[in-house]
Amino acid sequence: MKVEFAPLNIPLARRLQTAAVLQWVLSFLLLAQVCVGIIVILIIHNYWFLYIPYFTWLYFDWRTPEQGGRRFDWIRNWTVWRYFKDYFPIHLIKTQGLDPSRNYIFGFHPHGILVVGAFGNFCTNYSEFKELFPGFTAYLHVLPFWFRCPLFREYLMTCGPVSVSKKSVSYVLSRQGGGNISVIVLGGAEESLDAHPGKFTLFIRQRKGFIKIALTHGAYLVPVFSFGENELFKQINNPEGSWLRTVQEKLQKITGFTLPLFHARGIFQYNFGLMPYRKPINTVVGRPIPVHQTPHPTREQIEELHQTYMEELRKLFEEHKGKPLVDTGI
């Protein structure tokens, strides 16, 4: 196979974009393990004056990811996130205004491999979110597993993610005054195993917990579709029933997450690596679905609202699937 190398005369801005995405990918794949390793080293060498105070503080701080997290705008404002956004690029598109006196659930689709669109739009201050939805605060809900990793959890929370547990979502939606948005990637890890270019397989029919929470709190539902999410990586073929898919599904059941075996381009060449392709991501926010607060919803009410949500999601996809994505090249 002939290797296609990147030209030497690439503009500095594009090189900085590549560096920004590289650090993000490495953080996603390795930083949690590095942080755990640091803690292990401190314990082995008995640096008690470092790890004992940290574990003491961690004991009292354990519930923070379920209580709105701990974001820092100075980290969300890092210039690296601007280059991260421009690499693909990532765009947020609003189809209808939202009432800032209410709280909302954004159902994000599809999961993709690394949920790039969700992070870029809702965990940095360089997306169009503040301009399109003034007065709102978005909380991206991620697996509780990540907040059990010492040190890594602190870095993760600074960008805004919180736990996807029921308590966490309820905390956001019960905040008085409105203007709070719970962003939930509804397909989860299971959906990532079907993230292949040119294909959309959504795991939504059995996902009804978010419907019950929306009814309980009277939070309006908003479908969100991120076009281009599945085009960023190629995944090793893992059809249903294959040994690879069986192993991945068992891992998902045990740990709550799974990592698809993916590849894309490299840093200095375009044939193979873990860097995502430069493919545009257009994240389209659909029309809000009114929800009447029902403290004890029945199964029929949950099913009816779930059907309404799926229909609105289908309409959103059909309305925008043919619109062009402006590619920036490789």
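The values are calculated or read from the model by the stated rules, or taken from the named source; none is laboratory data. All values reported here derive from a predicted model rather than from experimental measurement. Virtual Cβ from ideal backbone geometry, glycine too; neighbours counted across all protein chains shown. With ligands, DNA and RNA removed, areas are computed over all heavy atoms of the protein, side chains included. Shrake-Rupley method; radii C 1.70, N 1.55, O 1.52, S 1.80 Å.
For the peptides 289-299, 12-22, residues were scored by their other Cβ atoms within 10 Å and the scores averaged per peptide; the highest-first order is 12-22, 289-299.
Working out 0.36 nm times the residue gap between residue 99 and residue 205, then minus their Cα-Cα distance, what length gain in nm do you get to one decimal? Taking residue 99 through residue 205 to full extension adds about 35.4 nm, to one decimal. Computed over the stretch 181-330, the convex hull of the alpha-carbon atoms projects to a mean area of 10.8 nm². Extension gain for residue 29-residue 70 works out to 12.6 nm (0.36 nm per residue, less the C-alpha to C-alpha distance). Quick check: Cα centre of the stretch 182-230 to Cα centre of the stretch 231-260, how many Å? Result: 18 Å between the Cα centres. Highest average first, the peptides 105-118, 194-207 ordered by how many other beta carbon atoms sit within 10 Å of their residues are 105-118, 194-207. Among the protein heavy atoms, those of residue 268 account for about 140 Å² of accessible surface (1.4 Å probe, every chain in place). Rg over Rh for the stretch 12-319 works out to 0.96, both radii taken from alpha-carbon positions and Rh defined as the Kirkwood radius. Packing, as the average of other Cβ atoms within 10 Å across residues, places the peptides 54-64, 87-97 in the order 87-97, 54-64, highest first.
Take the Cα of residue 4, go 7 Å toward its beta carbon, and none of the backbone nitrogen atoms of the stretch 52-91 fall under 13 Å from that spot.
For the chain, adding -39500 (n - 2.57) for each run of n ≥ 4 DSSP H residues and dividing by the number of residues yields -11500 deg cm²/dmol at 222 nm. Taking each residue as 0.36 nm, the span from residue 303 to residue 272 lengthens on full extension beyond its C-alpha to C-alpha distance by 6.7 nm. Taking each of 279/315; 130/253; 2/321 in turn, the alpha-carbon distance tops 29 angstrom for 130/253; 2/321.
In this structure the stretch 12-319 gives 47 Å² per residue of accessible area when probed at 1.4 Å with all protein chains present.
Roll a 1.4 angstrom probe over the protein heavy atoms and tell me the percent of accessible area of the stretch 12-319 that is carbon or sulfur. Carbon and sulfur: 61 percent of the exposed surface of the stretch 12-319.
Treating each Cα of the stretch 86-162 as an identical point scatterer and summing with the Debye formula, the log10 of I(q)/I(0) at q = 0.13, 0.15, 0.25, 0.27 Å⁻¹ comes to -0.45, -0.60, -1.38, -1.47.
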